[in-house]
Structure formats: structure tokens, C-alpha cells
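Here's the structure we're looking at; comments come further down.
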Amino acid sequence: SEGSDAMAISTFKRKEIKFILDEEQFHQLNSVLGEYMNYDEFCVDGKEYGIYNVYYDTADDYLIRESLEKPYYKEKIRLRSYYSPAREDDSVYLEIKKKIGGIVTKRRISLTLGQANAFLLEGQLPELKGGSKAYIQNQVLNELVVFLKNYPVVPKQYISYQRSAYFGKDDSSFRLTFDRAITQ
């Protein structure tokens, strides 16, 4: 699970189950959530936050076509920002998301938008920040390099939404998110 430091984590593994709720169902569920869940740290004063993604795919849409076949293994790459619009020097996350038999893993590195674009569109390797996470960041960067060699990608789909996120009071590894105002 992502844990309470969700935006800083470079890698995680979790089981995802997704549901579509109508507004009435959401309000009924939301009315009792406080008994069992706490807002995550990014829902400041209980307010939702924005997530802005660009998904990348091959020129012939190989990754999405594979995903739609519901294979045992699938993967995708996206650029995620918590700013709109993101500026060249804003931090963004370049992520590889894989699903293997229902278990989702996500690995990501933090870059500036300028570094991410130079890497994705021109193949320019970014200089990663040092510190305790440098080893994991470099591992993820190496995985991204291999991914991009296997799949020459271009930006294909923009998706944004507003998110409310919660963690279990008794089990902080249990995470519940609600996404709304989805824009493509």
C-alpha cells in the first residue's frame, strides 16, 4: 500500500479494487467514513486535491490495446503532476505501473517537468537528487530506460480528476480513494 507518505514513495505494491458509485451512494458511504478512516495528509482540511496525468503509449497504441485484452500481466507509463498547469521547474512523477495477476505495483521517480519531457521525448537522462532514496531512484530510472527501449512512446492521453483519499484508523495500509470530476 502507499502509506501515509504517498507522494514521496518511489515504489509500492497493492491490491486494487475499483467501483463506480453514483452521488447518493457516495454521500451515504461518506457519512460513515469518519468512524473508520482518516483523511490522508494531502486532503488539507478535508478538501480534495487535483491529480493531472499524461499517459504515454506507442504510435500504434500497443499498451492500451494489450491492457484492454485483460492479460495476466500488463504495464503502462504515465507522467503525474499535482499542479495545473505544471511549470518546467515543478516536481512531477514519472511512473511505471504494472499489474500482475491482480496485484498492482507502481514505481516512480520525481523529476522536474523539464527533466521528464527531456527524458521522455529526447532520451536525455535526468540527474537525480542524492540522499537516502538515490539507490531506489536510480533503480526506477534504469527500469524506465528499459521500458522506453521496449516501447518507444509518445504522449497519448490526458486525464485529470479531483481526489479525496483516506487511510484506515485501525489499519493504515488500507487506503480508500474517491475520484471525481474526471476530465480527458
Exercise. Quick one: among ASN117, ASN150, ASN38, which has the greatest mean-square fluctuation in a GNM of the chain with alpha-carbon springs under 10 angstrom?
Key: ASN150
Quiz prompt | Fluctuation leader among ILE20, ILE136, ILE77 - the chain, Gaussian network, Cα springs under 10 angstrom | solution = ILE20
Practice problem: Would you mind telling me the share, in percent, of accessible area of region 117-181 contributed by carbon and sulfur at probe 1.4 angstrom? | Solution: 51
Quiz item: With every protein chain present, what is the per residue accessible area of region 10-100 (1.4 Å probe, Å²)?
Solution: 67
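Name the GluC sites (Glu not before Pro) in region 32-138 that are in a loop by DSSP and that have at most 14 other C-beta atoms within 10 Å, would you? Don't skip to the end; give the middle numbers.
On the way: sites: GLU35, GLU41, GLU48, GLU66, GLU69, GLU75, GLU88, GLU95, GLU122, GLU127; in loops: GLU41, GLU48, GLU69, GLU88, GLU127.
Of the GluC sites (Glu not before Pro), the ones in loops of region 32-138 whose Cβ has at most 14 other Cβ atoms within 10 Å are GLU41, GLU69, GLU88, GLU127.
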Quiz prompt | Only Lys, Arg (+1) and Asp, Glu (-1) charged, at Cβ; region 31-179 dipole about Cα centre in debye | solution = 360
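What does the extension gain come out to for GLU41 and ILE17, with contour length at 0.36 nm per residue minus their alpha carbon separation? Walk me through the numbers on the way to the answer.
Working: separation 24, 0.36 × 24 = 8.64 nm, distance 2.21 nm.
Here the answer is 6.4 nm.
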Practice problem: With +1 on each Lys and Arg Cβ and -1 on each Asp and Glu Cβ, and nothing else charged, work out how big the dipole of region 93-184 is about its Cα centre, in Debye to the nearest 20. | Solution: 200
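Per DSSP H run of at least 4 residues, take -39500 (n - 2.57); add these up for the chain, divide by its residues and hand me the 222 nm value, nearest 500 deg cm²/dmol. Intermediate results must be reported in sequence, preceding the final value.
Working: 4 runs with 48 residues, N = 184.
Using -39500 (n - 2.57) per qualifying helix, the result is -8000 deg cm²/dmol.
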Practice problem: List the relative contact order of region 140-184 as a percent without decimals, with contacts defined as Cα pairs under 8 Å and 6+ residues apart. | Solution: 36
Exercise. Any chance you could list P(r) for region 54-96, counting all Cα-Cα pairs in 10 angstrom bins from zero, rounded to whole %?
Key: 25, 42, 25, 8
Quiz item: Can you give the Rg to Rh ratio for the chain, taking only C-alpha atoms and Rh from Kirkwood?
Solution: 0.97
Quiz item: What is the Å³ per residue value for the convex hull set by the Cα atoms of region 129-184?
Solution: 157
Exercise. May I have the pair-distance distribution P(r) for region 73-167, computed from all Cα-Cα distances with 5 Å bins from 0 and rounded to whole percent?
Key: 3, 12, 21, 25, 20, 13, 6, 1
Exercise. Identify, among VAL104, GLN124, VAL145, the residue whose Cα sits farthest towards the positive end of the charge dipole of the chain, taking +1 on the Cβ of Lys and Arg and -1 on the Cβ of Asp and Glu, with the dipole about the Cα centre.
Key: VAL145
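Before anything else, pin down the relative contact order of the chain: Cα pairs under 8 Å, at least 6 apart, normalised by residue count, whole percent.
Numbers: 308 pairs, mean separation 53.0, N = 184.
Averaging sequence separation for qualifying contacts and normalising by length gives 29 percent for the chain.
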Self-check item: Per-residue HN-Hα couplings for region 135-143 [Karplus 6.51, -1.76, 1.60; θ = phi - 60°; Hz; x = Gly/Pro]
Solution: 4, 5, 4, 5, 4, 5, 4, 4, 5
Quiz item: Got a sec to turn the phi values of region 167-176 into Karplus ³J(HN,Hα) couplings, 6.51 cos²θ - 1.76 cosθ + 1.60 with θ = phi - 60°, whole Hz, x for Gly and Pro?
Solution: 10, x, 5, 8, 9, 5, 7, 7, 10, 10
Quiz prompt | Whole-Hz ³J(HN,Hα) from phi, Karplus 6.51 cos²θ - 1.76 cosθ + 1.60, for region 58-67, glycine and proline x | solution = 6, 4, 9, 6, 4, 5, 6, 5, 4, 4
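The values are calculated or read from the model by the stated rules, or taken from the named source; none is laboratory data. Being a predicted model, the structure only gives us computed values, none of them experimental. Glycine also receives a Cβ, built like all others from the backbone with ideal geometry; neighbour counts cover every protein chain displayed. The accessibility values were calculated without ligands, DNA or RNA, using every heavy atom of the protein model including side chains. Shrake-Rupley method; radii C 1.70, N 1.55, O 1.52, S 1.80 Å.
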